[in-house]
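Step one of this worksheet: look at the structure below.
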Amino acid sequence: MTALGPQERRVLDWLAGQRQAMQALLAALVDIDSGSYNKAGVDRAGAAIRAFLDRHGVAYEVIANDKFGDAIRAFVGAPGERNILLMGHRDTVYPDGEAARRPFRSDGTRGYGPGAADMKAGLAMNCFVAAAFQALGGAPAPLVALFTADEEIGSPSSRALIEREARRARFVLNAEPGRPGNAVVTGRKACVFMRFEIKGKAAHAGANFEQGASAINELAHKVVALQALTDLARGITVNVGVVAGGQTVNTVAPAARGEMDLRYIDPADRDATLAKIAAIMARASVPGTAAAYEIYAEFPPLVQGADGKRLFALYAESARALGESVTGLFTGGCSDAGFAASAGAPTLCAVGPIGAHTHSPDEYVELASLVPRAQTLALTIMRGGAEFA
């Protein structure tokens, strides 16, 4: 176990005293509705973060957006090339009103509420790590923390910002929720989100049924064909997760629509599977129908290259220096870490506080992990500045 240096001890000791303050910031964030399309709510969560940064003297800039929440770029030290990049998103998957229905609560062991793990605990952690370095003389390299707005819908407004920062980063640490068992994520599938529309022909379902062309029937054929593209052995899944259509119960459906999710591991499988999807969309099983589709969001995979393995080894050694054991795992989920890794930066994901049951009413964060995860992150930053120079 590597001995801790004086500056390392100062930073770690400062963080050790922040458990209650960190939990208070977490609670404040959870109690703000911030669904991806709720710009006002996402910006209210941003205002809470900016207020924290102001109190601790951490500099930041706001990157405004007319449609989605504004991005926040905080920094300790002179921002420039070869930064260390921390990432986190403020949006959640929950509808407006969910924070009032299920405000933050603690049973003493776990914290509950919409977005408690995914990923408002990670946002709080990044805030306190930035504040620690600001209070105690800075990081060994310029430190940038992005607080973005729309990861849950594919980061349409944040992707370019993430890629730009990642291209000049020494390494990237994404504060998605840590996994039970003190695991982080070293690899992720890619995903492609698509929507499709089918046009048919309306007709009276009793008087002239044969004159219609049912878009719903065509949708049913396509759903079966699309989901048959799933190949679990190769890590390919196609899931049609949303469908809608029709006009009235006694009308042959003139229109239908759906949304689907493609996941893959091997980048070569992307184009091959998309070609099969295009063929399914072009082929009409119900005469008189036609379909069109579009990609509306996409995450590249998080692939662990040689530098990514070095970064995981550094993080794991930092955890060992604090008496913790960390494992790395691969997940079928996707995240902004894919953008960072695809831009060429060594990237590690799910370094946030440990949680589970995300995107559900049972979502929770393990409160005892708030400080240890912040300390491991800070020690990785202190030791990685030189190693990834």
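Return the residues of the range 342-370 that are surrounded by fewer than 21 Cβ atoms within 10 Å (Cβ to Cβ) and farther than 17 Å from Lys309 by Cα; say none if nothing qualifies. Before the answer, list the steps.
From the range 342-370, those surrounded by fewer than 21 Cβ atoms within 10 Å (Cβ to Cβ) are 342-344, 356-362, 368; that's our starting set.
Scanning the range 342-370 gives Ala356, His357, Thr358, His359, Ser360, Pro361, Asp362, Ala368.
For residues in the range 221-280 being hydroxyl-bearing (Ser, Thr, Tyr) and either part of a helix (DSSP H, G or I) or surrounded by fewer than 17 Cβ atoms within 10 Å (Cβ to Cβ) (or both), which is farthest from the chain's Cα centre (by Cα)? Even if it seems obvious, please write down each step before you answer.
Applying the first criterion (hydroxyl-bearing (Ser, Thr, Tyr)) to the range 221-280 yields 230, 237, 248, 251, 264, 273.
Narrowing the set further to residues that are either part of a helix (DSSP H, G or I) or surrounded by fewer than 17 Cβ atoms within 10 Å (Cβ to Cβ) (or both) leaves 230, 248, 251, 273.
Values: Thr230: 23, Thr248: 38, Thr251: 41, Thr273: 24 Å.
Result: Thr251.
Have a look at Ser155, Ser106 and point out the one that is of a type in the set (Ser, Thr, Tyr), crowded, with 24+ Cβ neighbours inside 10 Å and either in contact (Cβ under 8 Å) with a residue 40 or more places away in the chain or in contact with a strand residue (DSSP E or B) (Cβ under 6 Å, 6 or more places away or on another chain) (or both). Show your work before the answer.
Details: Ser106 fails: crowded, with 24+ Cβ neighbours inside 10 Å.
Ser155 is the lone residue from the list that is of a type in the set (Ser, Thr, Tyr), crowded, with 24+ Cβ neighbours inside 10 Å and either in contact (Cβ under 8 Å) with a residue 40 or more places away in the chain or in contact with a strand residue (DSSP E or B) (Cβ under 6 Å, 6 or more places away or on another chain) (or both).
What about Asp261, is it at pLDDT 95 or above, charged (D, E, K, R) and over 26 Å from Pro156 (Cβ atoms)?
no
Can you confirm whether Gly305 is exposed (fewer than 14 other Cβ atoms within 10 Å of the Cβ) and either within 16 Å of the chain's Cα centre (by Cα) or in the same structural domain as Ala99 (by TED's automatic domain parsing) (or both)? Yes; evaluated as a whole, the condition is true for this residue. The residue that is nearest to the chain's Cα centre (by Cα), counting only those in the range 308-341 that are surrounded by fewer than 24 Cβ atoms within 10 Å (Cβ to Cβ) and part of a loop (DSSP other than H, G, I, E, B), is Gly333.
Report whether or not Arg373 is buried (at least 24 other Cβ atoms within 10 Å of the Cβ), among the basic types (Lys, Arg) and part of a helix (DSSP H, G or I). Steps first, please.
Working: buried (at least 24 other Cβ atoms within 10 Å of the Cβ): yes; among the basic types (Lys, Arg): yes; part of a helix (DSSP H, G or I): yes.
The answer is yes for Arg373.
Just checking: which of the helices (runs of 4 or more DSSP H) contained wholly in the range 1-120 hold 1 or more residues that are in contact with a Gly (Cβ under 9 Å, 6 or more places away or on another chain) and within 27 Å of Thr358 (Cα to Cα)? Lay out the reasoning, then the answer.
Working: elements: 6-16, 19-30, 39-55, 98-101.
Correct list: 19-30, 39-55, 98-101.
For Arg188, the criteria (1) over 15 Å from Thr347 (Cα atoms); (2) crowded, with 24+ Cβ neighbours inside 10 Å hold in every case but one, which is (1).
Every condition in (1) out of contact with any helix residue (DSSP H, G or I) (no Cβ under 9 Å at 6 or more places or on another chain); (2) surrounded by fewer than 18 Cβ atoms within 10 Å (Cβ to Cβ); (3) closer than 27 Å to Glu366 by Cβ is met by Arg19 except one, and the failing one is (1). Number of residues in the range 286-301 that are surrounded by fewer than 14 Cβ atoms within 10 Å (Cβ to Cβ), at pLDDT 95 or above and either assigned to a strand (DSSP E or B) or in contact with an Asp or Glu (Cβ under 7 Å, 6 or more places away or on another chain) (or both) equals 3. Would a scan of the range 195-210 turn up a residue that is at pLDDT 95 or above and within 30 Å of Ser342 (Cα to Cα)? Among the residues of the range 195-210, at least one is at pLDDT 95 or above and within 30 Å of Ser342 (Cα to Cα), which makes the answer yes.
The values are calculated or read from the model by the stated rules, or taken from the named source; none is laboratory data. These numbers come from a predicted model, not from an experiment. Note that we place each Cβ from the backbone using ideal geometry, even for glycine, and neighbour counts take in every protein chain shown.
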